[in-house]
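Here's the structure, in structure tokens; my notes come after.
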Amino acid sequence: MLLRIHFTGADLARTSVASRPDPLWETVLSLRMLQHRTANPAVEAWGRAVLARRSGSLRTLLPLVRPLGYFPDFLTPSVGSADVEQGLDALTATPVRHLSGDLAVLGAGGPLPSWTRDLAAGRPDALRGLTGALRDYHAAAVAPLEETMRTTVRAEYAAQASTAAESGIEGVLSALGPGMRWRPPVLEVRYPVDQELHLGGRGLLLVPTLFRARTPVSLLDPELPPVLTYPARRTVSPDDPGGRKLVPLIGRTRTEILHHTAEGSRSTTELARLVGMSRASVSHHTSVLRAAGLISSTRHRNSVLHAVTSLGSLLLRG
């Protein structure tokens, strides 16, 4: 199944990448991650710590953000990217027709708690209860990772800016990551349902996220400003002890390169794009890592591929 995003020339000119994390998108995607098991020990440790707090906010939020499928568009308002309070203010101002419409779509996939009827009607007490739950959960589960989120999204933005400078916005769309394919003038995204999105000259905001969804996520309502979230090619997972300890030892750039090579063999060109640096600078850093025995490098046709060694993997595990 595919989400097919249709671009015009005007849309390409108006497409951009977010330069900072969106707190409500990160909050909602973290709620989804919390409900999935992963093979990443750092993510599992983060999830156990969040659940151990037994936050009452989860009783409010989990019925709205299920493990799979749709969650209400109003949870991630388009004007809420500056900080969590601005986002919550925008959520509170959601028109009743959007509240009721989104909850009707969610309710078609399974029963909802009785209090959501008050939310669908826009009753102030229900809105205060929802925004309070989001605020409490964000403070407990997401805010402690703010520095990691900011660094991750900034690095992704820098990498995409470099790609756009060399290859234009179509170069960015061609290399967004697994599950996405640019077939001009359509971006095809592997998705839980078949969906068509015609941008109609509005452009698309690409939002890199620290918390990974199983697929990129867009809004359902075609009237809303078009957004597509996708996993930033981050190098440090939530609460990653190896990443925190390595940065003072070998520096942030070499730590990022080491993490990327642990995800699979990477060419010098790929690493340059991922960390937002020139190929010459990356070659210098890979030479240092190779001399320390942390990565190995092999030539493949016209490229040099870098992969983490056993020693490098041990360091990454902290």
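Only residues that are β-branched (Val, Ile, Thr) and surrounded by 21 or more Cβ atoms within 10 Å (Cβ to Cβ) were counted across the range 66-80, and they come to 1.
Candidates 41, 21, 67: the one that is within 30 Å of residue 184 (Cα to Cα) and at pLDDT below 95 is 21. If only residues of the range 164-191 that are in contact (Cβ under 8 Å) with a residue 24 or more places away in the chain and open to solvent by 70 Å² or more (accessible area, probe 1.4 Å) are counted, the one that is farthest from residue 7 (Cα to Cα) is 190. Picking from residues in the range 194-218 that are at pLDDT 90 or above and hydrophobic (A, V, I, L, M, F, W, C), the one that is surrounded by the most Cβ atoms within 10 Å (Cβ to Cβ) is 207.
Scanning the range 266-318 for residues that are within 18 Å of residue 158 (Cβ to Cβ), touching a residue at least 24 places away in the same chain (Cβ under 8 Å) and within 25 Å of the chain's Cα centre (by Cα) returns 266, 268, 269, 271, 272, 273, 274, 275, 276, 277, 282. Of 104, 120, 90, all but one fail to be small (Gly, Ala, Ser), open to solvent by 40 Å² or more (accessible area, probe 1.4 Å) and more than 30 Å from residue 45 (Cβ to Cβ); the exception is 104.
The numbered conditions (1) within 24 Å of the chain's Cα centre (by Cα); (2) modelled with pLDDT of 95 or more are all true for residue 95 except (1). Residues in the range 269-303 that are surrounded by fewer than 17 Cβ atoms within 10 Å (Cβ to Cβ) and of a type in the set (Val, Ile, Thr): 269, 288, 298. Against the list (1) open to solvent by less than 50 Å² (accessible area, probe 1.4 Å); (2) in contact (Cβ under 8 Å) with a residue 60 or more places away in the chain, the condition residue 14 fails is (1).
For the range 100-123, the criterion of a residue being part of a helix (DSSP H, G or I) and more than 25 Å from residue 222 (Cβ to Cβ) is satisfied by at least one position.
For residue 8, the requirement of being farther than 24 Å from residue 88 by Cα, at pLDDT 95 or above and open to solvent by 30 Å² or more (accessible area, probe 1.4 Å) is met.
The values are calculated or read from the model by the stated rules, or taken from the named source; none is laboratory data. Not measured: the values here are computed from a predicted model. In this analysis, Cβ positions are derived from the backbone assuming ideal geometry, glycine residues included, and neighbour counts consider all displayed protein chains. Remember, those area values only see protein heavy atoms, side chains included, never the ligands or the DNA or RNA. Shrake-Rupley method; radii C 1.70, N 1.55, O 1.52, S 1.80 Å.
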